[in-house]
Amino acid sequence: MPHSNSSSSYGSVSKTFHWLTAFLLITAFLLGMISSNLAHTIQSPDFDGAQDTIDRAVLLFSLHKTIGLASFFVALARILWALRQPKPGLLHPDNKPEALAAEVVHWMLYGAMVATPLTGWIHHAATTGFAPIWWPFGQNLPFVPKSEPVSALFASLHWIAGKALLISVVLHVAGAIKHVVIDRDATLRRMLPGTRALPEPPAQTHSAVPAFVALALWAAILTTGALLGGQAQDHSTHDHGHTSSTVQSAPEDASGSTDPAETSVDDGIGNWIVDSGRLGLTIKQMGSDITGSFASWAADIQFDDPETPGPAGQVAVEIDIKSLSLGTVTDQAMGADYFDSSTYPTARFEATLEKLETGYQAVGQLTIRDKSLPLTLPFTLALKENHAEMSGQVTVNRLDFDIGLGTQDAATLGFDVVIEISLKAERRG
């Protein structure tokens, strides 16, 4: 069987690309459906926290993404090969409506083979918290930030591109069946493995009209997906607006900065007023860092810097657990096996502040859920007249606070949680 196409049949390379792409895309599509259903089960309030269900969902999502990425590169190779090859002519070019529909569906499929896995890949790269792609080149993409709006947009584009792929495949298969059952011609046999005698198509020219029609359809599809993604993001922003109207520390945006316009600080009784700040955490899931932050928390600070090492004041930090944003696993983190935010809506850190020979520390108790444990937070402090900038970091073991007891495998979900805090404050009065 020749490697290249002829005017009457496809060559072995084109046939291999065709069936391999079909296998990869259909497999990725089915895995995506199954894993999405599992994700909905895990996010359900009735989910019992079964670790085998979570592990199965992570496995299937990783398979879905890895096979989807493989299909993307195979599809690119297929398209590049097809552009260099002659295309066998239609056996019934005189049937103009059918010929136009067949060509449009063909171009729609080419678009879907690229758009569906590519939008999914960008969604993955923009997301915090995910099942990893199984390959050695990392999980990020150049020029794609870790951003919830970008993630939401490309999740919507991936969803609608997947629907376009499904419709295109169904129409393509329906056309192939028509050629076998009704027309009884050799259209399908031209793409089957092996060499056989095939009729020579009538002389014809391939118009650019079907490609432009498919391009217009794809523009409409992607525009609709972008609008749906924008509406989802607007709804999410509206929902979070009720929280951010009472934040006691400015929420972090995608660039890592804070927005003073969102700040509403409870002055407390301390002698320092927090202007802005960030309270974040980082944990490893499937070997990759997931970073999140709390949008609502209050720090009551009583501090007077002594000239020599020794006691320097007290601090009490109240944290709204439900204000945590942790990428795609935010809802899961609120569940009964993790923070159980419905039962334990707040966490608290109360400590004595101490000046050391070098730096400072807060020595006290951290309460999460119904567990109160000793915690020492080392921090740096820059004082300039009545202005202070503080930053500190400490690592805790989530199991000590009964968080994620059903997930005892550190490779799936790391035990260590890195807590980071930074803030800017002004002396009262």
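So, counting K/R as plus one and D/E as minus one, what does the shell of residues with Cβ under 15 Å around residue 197 add up to?
+1
You can think of it this way: the chain between residue 43 and residue 405 has 128.6 nm of extra reach, that is 0.36 nm per residue less the Cα-Cα gap.
The Kirkwood radius of region 313-384, taken over pairs of alpha-carbon atoms, gives through the Stokes-Einstein law at 37 °C and 0.692 mPa s a diffusion coefficient of 238 µm² s⁻¹.
Averaging Cα coordinates gives a centre for region 344-366 and one for region 1-69; these two points are 49 Å apart.
Exposed loop sites here are trypsin sites (Lys or Arg not before Pro) in DSSP loop states with at most 14 other C-beta atoms within 10 Å. What is the longest stretch of the chain lacking them?
197-427
What the phi angles of region 7-12 give under the Karplus curve with 6.51, -1.76 and 1.60, with θ = phi - 60°, is a coupling list of 5, 10, 8, 8, x, 5 Hz, glycine and proline written as x. Phi-derived couplings, Karplus 6.51 cos²θ - 1.76 cosθ + 1.60 at θ = phi - 60°, listed residue by residue for region 158-169: 5, 4, 6, 5, x, 5, 5, 4, 4, 5, 5, 5 Hz, with x used for Gly and Pro.
Sites counted here are GluC sites (Glu not before Pro) in a DSSP loop (not H, G, I, E or B) having no more than 16 other Cβ atoms within 10 Å; the longest part of the chain that contains none of them is 1-306.
If we count every other residue with Cβ under 15 angstrom of residue 36's Cβ, Lys/Arg +1 and Asp/Glu -1, where does the sum land? Don't jump to the answer; show the numbers that get you there.
Details: positive: 56, 65, 163; negative: 331.
Local charge sum for residue 36: +2.
In the neighborhood of residue 360, defined by Cβ-to-Cβ distances under 13 Å, what is the net charge if each Lys or Arg adds +1 and each Asp or Glu adds -1? Overall, the nearby charge balance is -4. When Rg and the Kirkwood Rh are both derived from Cα coordinates, the Rg/Rh ratio for the chain amounts to 1.13. Across region 345-409, Cα-Cα distances exceeding 18 Å account for 48% of all pairs.
Take the residue pairs 371/424; 96/163; 384/424; 355/384; 87/163 and return only those whose Cα atoms are more than 18 Å apart.
Values: 371/424 29 Å; 96/163 27 Å; 384/424 11 Å; 355/384 16 Å; 87/163 27 Å.
Going by Cα-Cα distance, 371/424; 96/163; 87/163 fall outside the 18 Å limit.
Under a 5 Å amide H cut-off, with hydrogens placed 1.01 Å from N, residue 6 pairs with 11 among residues at least 5 apart or on other chains. On full extension of the chain, what length is gained from residue 184 through residue 342, given 0.36 nm per residue of separation minus the C-alpha to C-alpha distance? Length gained, residue 184 through residue 342: 50.5 nm. Compare 61, 47, 137 in a GNM of the chain, Cα atoms joined below 10 Å, and give the one with the largest fluctuation. Judging by the Gaussian network model, the answer is 137.
Distances between every pair of Cα atoms in region 12-236, grouped in 10 Å steps from 0 to the bin holding the largest one, split as 7, 27, 33, 19, 11, 3, 0 percent. Derived value for region 260-427: Kirkwood hydrodynamic radius 16.7 Å. Basis is the mean of 1/r over every pair of different alpha-carbon atoms. Applied to region 350-366, the Karplus parametrisation 6.51 cos²θ - 1.76 cosθ + 1.60 on θ = phi - 60° returns per-residue 3J(HN,Hα) values of 10, 8, 9, 8, 9, 8, 9, 4, 10, x, 9, 8, 10, 10, x, 10, 9 Hz, with x for Gly and Pro.
Every number here is computed from the coordinates shown, using simple stated rules; none is lab data. These figures come from a predicted structure and were not determined experimentally. Reconstructed Cβ throughout: ideal geometry from the backbone, glycine too, with neighbour counts over all protein chains shown.
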